[in-house]
Amino acid sequence: MSEKVKSIRGMQALLPEILEKWQAIEQIVKGVFNAYAFKEIRTPVVERSELFQRTIGENTDVVSKEMYSFKDRKDQSLSLRPEATAGIIRAGIEHSLFYNQTQKLWSMGPMYRYERPQKGRYRQFHQINMEAFGFSGPEIDAEIILMTARIWKLLKVDNLQLEINSLGTPVSRNKYRAELQHYFLEHRAILDEDSLVRLEKNPMRILDSKNPDLQSIIETAPKMLDFLDAESSEHFEKLKETLTSNGIQFVLNDKLVRGLDYYTKTVFEWTTDQLGSQATVCGGGRYDGLVKELGGQDIPAIGCAIGVERLTELVAVSDENPQNKQPKIYIVAVGKDAENRALILSEKIRDLGHGISVAMNMDGGSFKQQFKRADKSGSDLALIIGEEEIESGTVSIKSMKSDAEQKSVDEAKVLEEIKQYL
Ligand code: ATP
Ligand code: MG
């Protein structure tokens, strides 16, 4: 036997069994996007490395440690996308999507980060993204949060908590950053290696540290909310009001800084206590300067990403999955003539539409073997064609889900009859 080729660590195939749930989730999510007038966009999985360095930030974990970067045959540095926003902006600028118009866009697909694989953390994982361009007021911030809340509700996920914070404008944020740097410098002796690097380059990221030894100095660190400029403060107040008046509960988390550098004003995360330390199911925020930074118009923007693998962990398998409701038929056919007729019949049933799934028995077998296969396939109905049926011009119909008697039907009427069973 030849040697097997192994998969790549942290990258897994999604098998048919689990994909039923994924498809149900995707269907619900697409319905919600439609309800909020968001349109789909799909961008390449590979981009120039420069795109992510300029957007996410050189000093973030994602860019400095987690990117899959490689040279192509022209010696150009490319990267597998670690997130979706940068590529969407790049494509939007290239195709003038932001010129004199607003955009509400969603996307779904695989992302790549070289992280230590564990439950809820993979090297290939999937995100559902939503981004809105050209809206400056807090209404869109609220709408995106309401939209995610609606997704949780429709998926019957009720254990998520919303955390929000404001990072201010670049000006107030820089003031805060300087203050924070000063504060952590005074506590330099306690800082770990990671935080010492962050201290130089991006002290706000220390607030994000999960090291338990640092929690007490993080707790007493200066708070961004005390440094907010008037504009950001008003924006944040209005958002909180809107959320409250729409019945959305939230907690203020002044240590919420997010892992990417580009955020301004509103940031938020939906977290759960049901997934261990991989607690964030959805995260996002405003990135008002980013489109301009990448050579586009000076327009405000906001977006967020749902981690699909983590979300699926929280969604119970449900009979309401529309795919599970679709009727399944298996055609049992014994003998060459029967097989020919079965093929014609299966195409006719598919012509009916109705979402009926038809599997025709392949590669022969006895009645007994074929019924076993019909059973295993989870069919609702078996249509049987044997020598007897060929002679009498009939098809036998047997329910696989009830004890109802097998029934013989004239071939011309079989389609009518099937409809009654479904
Ligand atoms: P974490 O703090 O868990 O590393 P993050 O802040 O790096 O998350 P984001 O960049 O905000 O994550 O991505 C949005 C969402 O994508 C996360 O909330 C999470 O649900 C999911 N996600 C991020 N990284 C991974 C991964 N390696 N494997 C699975 N899902 C992930
Ligand atoms: Mg991360």
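The values are calculated or read from the model by the stated rules, or taken from the named source; none is laboratory data. As the structure is a prediction and not an experimental result, all values here were calculated from the model. Reconstructed Cβ throughout: ideal geometry from the backbone, glycine too, with neighbour counts over all protein chains shown. Calculation scope for accessible area: heavy atoms of the full protein, side chains included, ligands and nucleic acids excluded. Shrake-Rupley method; radii C 1.70, N 1.55, O 1.52, S 1.80 Å.
Scanning the stretch 371-398 for residues that are over 48 Å from the mean Cα position of the chain (by Cα) and touching a residue at least 12 places away in the same chain (Cβ under 8 Å) yields E387, E389, I390, S392, G393, T394. Answer yes or no: is there a residue in the stretch 278-297 that is surrounded by fewer than 21 Cβ atoms within 10 Å (Cβ to Cβ), within 13 Å of ligand 1 (Cβ to nearest atom) and assigned to a loop (DSSP other than H, G, I, E, B). There is at least one residue in the stretch 278-297 that is surrounded by fewer than 21 Cβ atoms within 10 Å (Cβ to Cβ), within 13 Å of ligand 1 (Cβ to nearest atom) and assigned to a loop (DSSP other than H, G, I, E, B). Right, R373: open to solvent by 40 Å² or more (accessible area, probe 1.4 Å), at pLDDT 95 or above and touching a strand residue (DSSP E or B) at 6+ places or on another chain (Cβ under 8 Å) or not? In short, yes. Summed over the stretch 321-354, the residues that are open to solvent by 40 Å² or more (accessible area, probe 1.4 Å) and touching a Phe, Trp or Tyr at 6+ places or on another chain (Cβ under 9 Å) give a count of 1.
Given the structure, is I306 aliphatic (A, V, I, L, M), closer than 18 Å to M111 by Cβ, open to solvent by less than 10 Å² (accessible area, probe 1.4 Å) and at pLDDT 95 or above? Against the criterion (aliphatic (A, V, I, L, M), closer than 18 Å to M111 by Cβ, open to solvent by less than 10 Å² (accessible area, probe 1.4 Å) and at pLDDT 95 or above), I306 qualifies. What tally of residues in the stretch 5-32 results from selecting those that are of a type in the set (S, T, N, Q), surrounded by fewer than 15 Cβ atoms within 10 Å (Cβ to Cβ) and over 17 Å from I306 (Cα atoms)? Counting residues in the stretch 5-32 that are of a type in the set (S, T, N, Q), surrounded by fewer than 15 Cβ atoms within 10 Å (Cβ to Cβ) and over 17 Å from I306 (Cα atoms) gives 1.
Restricting to the stretch 250-293, name every residue that is of a type in the set (A, V, I, L, M), more than 19 Å from H126 (Cβ to Cβ) and more than 13 Å from ligand 2 (Cβ to nearest atom). Passing the criteria: V251, L252, L256, V267, L290, V291. Applying the criterion of at least 1 residues that are open to solvent by 20 Å² or more (accessible area, probe 1.4 Å) and closer than 23 Å to V63 by Cα to the strands (runs of 3 or more DSSP E) found wholly in the stretch 87-200 leaves 103-112, 124-133. Among the residues of the stretch 64-74, are any part of a strand (DSSP E or B) and open to solvent by less than 40 Å² (accessible area, probe 1.4 Å)? So far as the stretch 64-74 goes, no, none of its residues is part of a strand (DSSP E or B) and open to solvent by less than 40 Å² (accessible area, probe 1.4 Å).
Considering (1) among the small types (G, A, S); (2) closer than 22 Å to E17 by Cα; (3) open to solvent by less than 20 Å² (accessible area, probe 1.4 Å), the lone condition that S357 does not fulfil carries the number (3). Within the stretch 262-277, the set of residues being part of a loop (DSSP other than H, G, I, E, B) and open to solvent by less than 40 Å² (accessible area, probe 1.4 Å) comprises Y262, Y263, T272, L275.
Among the residues that make up the stretch 263-271, is at least one of them modelled with pLDDT under 95, within 13 Å of ligand 1 (Cβ to nearest atom) and closer than 24 Å to R90 by Cα? Yes, that holds for at least one residue.
Consider K21 against the criteria (1) within 16 Å of ligand 2 (Cβ to nearest atom); (2) in a helix (DSSP H, G or I): it satisfies all of them except one. Which criterion is unmet? The one condition K21 does not meet is (1). Taking the stretch 23-37 as the range and being closer than 13 Å to M130 by Cα and under 15 Å from the mean Cα position of the chain (by Cα) as the test, the residues that pass are V29, K30, V32, F33.
This table checks each residue for (1) farther than 18 Å from C304 by Cβ; (2) open to solvent by 60 Å² or more (accessible area, probe 1.4 Å); (3) not in a helix (DSSP H, G or I).
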residue	(1), (2), (3)
L214	yes, no, no
A221	yes, no, yes
F236	no, no, no
L239	no, no, no
T244	yes, yes, no
G247	yes, yes, yes
K255	yes, no, yes
L260	no, no, yes
